[in-house]
Amino acid sequence: MAGSVIGRAWRAFSRWRRSRPFWAGLFLLLSGLIILFPPFASLKLGSMAIAIQTIGGLSGALIGSLLVVCALTMWLRAQFRLAAGIAALILSLTALITTNLGGFLVGTLLGLLGAALALSWTPKTRKRKAAKAVPPAAAALVLLLGLTAHGLGDSPRALADPTPSSTSATSTTTAATATTTTTVAPTSTTLPSSSTSATATSTTTSAAETSTTTATPSPPALPAGTRVWTLESPSVAMSGLAYHGVVDTVVGGRTIKVLKFTATSVKIKNLVQTADRGGGHKIVTTAAAGSTSTLSGDTITMLTAEIKGTAAVTIIPGLPPLRLPIDYTATSPPLITPPEVTFENVVVTNADQIGGTLTIPGAHIVAT
């Protein structure tokens with residue numbers, strides 16, 4: 001009986017330990033105690049008392065107490081680990097010159113180790129079984145979805161006057177033996193973003209299409225809000241960014257927690273958007289190599305399930321930006337959101353997007 005109670009308690013402790021930077025907190029706690037103890041310690045050798053009485057006593061008490069607070073933050077508020085880790089790093093280095101060599105070097109070394117563990121720790125994410133969503137963002141993508149929803153057997157028709165120097169973006173849809181070819185002018189494709197159904201009509205400029213069908217069409221696209229979709233890019237620069245907390249949204253018939261952001265401008269380099277339409281069908285939208293896609297408007301609202309990559313923030317103009325690894329989810333939201341930030345090597349999982357106009361230079365669409 002006692003063994004089963006101890007076993008359950010140990011398993012509960014193990015689950016608790018794995019859900020936060022436990023070892024970072026332990027090293028910071030030891031560092032704080034070691035820095036805090038020497039200025040107030042006294043030793044007795046026979047009748048002789050030895051005590052360290054230096055100006056480092058006040059600094060040791062302050063820095064040691066703050067390191068203990070950082071350690072408790074790691075255990076009790078893991079979402080603030082980045083801020084606490086940076087503070088612990090600065091305190092450990094400061095202790096080296098203000099408190100008896102940082103607890104005779106031991107306290108500083110333990111503090112640096114704990115801060116490094118805190119900055120490198122990320123929560124274990126569960127694998128999402130929900131399929132990815134259809135992005136309602138690109139005009140060429142909406143054109144393709146419109147063809148799918150209304151049947152691929154329609155006779156060819158010109159949507160706009162093609163230019164002689166038009167280039168081709170080819171998409172192939174496989175359902176039995178169905179093939180669709182879309183020719184798009186070299187100008188970028190522009191679409192007002194909306195959270196409405198992915199088959200909503202839109203207006204494109206300088207585009208012409210040719211549709212050839214030899215078999216039954218592929219299944220119609222699922223409506224917006226049914227699935228999430230991913231955006232991959234080496235650099236996403238956001239202006240006027242604001243974080244509005246965690247909200248509920250419906251995806252795949254169930255309610256999930258997502259992060260709500262708004263922005264006034266988004267610049268995306270080498271855009272790649274991927275959507276799973278279900279039934280093994282996917283749509284991949286790729287911008288021209290080296291191009292920058294833009295999303296602009298009065299207010300762009302994004303409901304985001306996850307942002308993973310590196311955040312680059314310019315603190316002092318003229319100096320290199322501060323880069324920090326990030327993995328924002330509803331369970332690990334951002335602590336601070338600068339209005340101007342660039343996400344590098346980022347993967348964004350979005351559930352919905354409202355407002356704004358997306359421009360994709362040389363959009364290339366492949367549907368399978």
- request: Grab the helices (runs of 4 or more DSSP H) fully contained in segment 1-106, keeping just those with 1 or more residues being at positive phi and at pLDDT below 80.
  value: 100-104
message: Being of a type in the set (D, E, K, R), at pLDDT 90 or above, within 16 Å of the chain's Cα centre (by Cα) and under 18 Å from Ile354 (Cβ atoms) is the requirement here; does Lys260 meet it?
response: yes
message: Is it the case, given these coordinates, that Val313 is touching a Pro at 6+ places or on another chain (Cβ under 7 Å), within 24 Å of Gly85 (Cα to Cα) and β-branched (Val, Ile, Thr)?
response: yes
Cross-chain or 6+ apart pairs with Cβ under 7 Å, segment 249-265 first and closer than 23 Å to Asp276 by Cβ, then of a type in the set (Asp, Glu) and assigned to a strand (DSSP E or B): Thr249/Asp352; Thr255/Asp248; Lys257/Asp248
- prompt: Can you pull out the strands (runs of 3 or more DSSP E) entirely within segment 287-368 that have at least 1 residues that are among the aromatic types (Phe, Trp, Tyr)?
  reply: 322-329, 340-354
query: Out of segment 240-269, which residues are among the hydrophobic types (A, V, I, L, M, F, W, C) and either exposed (fewer than 13 other Cβ atoms within 10 Å of the Cβ) or assigned to a strand (DSSP E or B) (or both)?
result: Ala242, Val246, Val247, Val250, Val251, Ile256, Val258, Leu259, Phe261, Ala263, Val266, Ile268
query: Residues in segment 309-344 that are of a type in the set (S, T, N, Q) and in contact with an Asp or Glu (Cβ under 9 Å, 6 or more places away or on another chain): how many?
result: 3
Condition check for Pro223: modelled with pLDDT of 90 or more, surrounded by fewer than 17 Cβ atoms within 10 Å (Cβ to Cβ) and either part of a strand (DSSP E or B) or in the same structural domain as Ser293 (by TED's automatic domain parsing) (or both): no
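The values are calculated or read from the model by the stated rules, or taken from the named source; none is laboratory data. Worth saying up front: this structure is predicted, and the values here are computed from it rather than measured. Here Cβ is always computed from backbone atoms with ideal geometry, including for glycine, and neighbour counts include all displayed protein chains.
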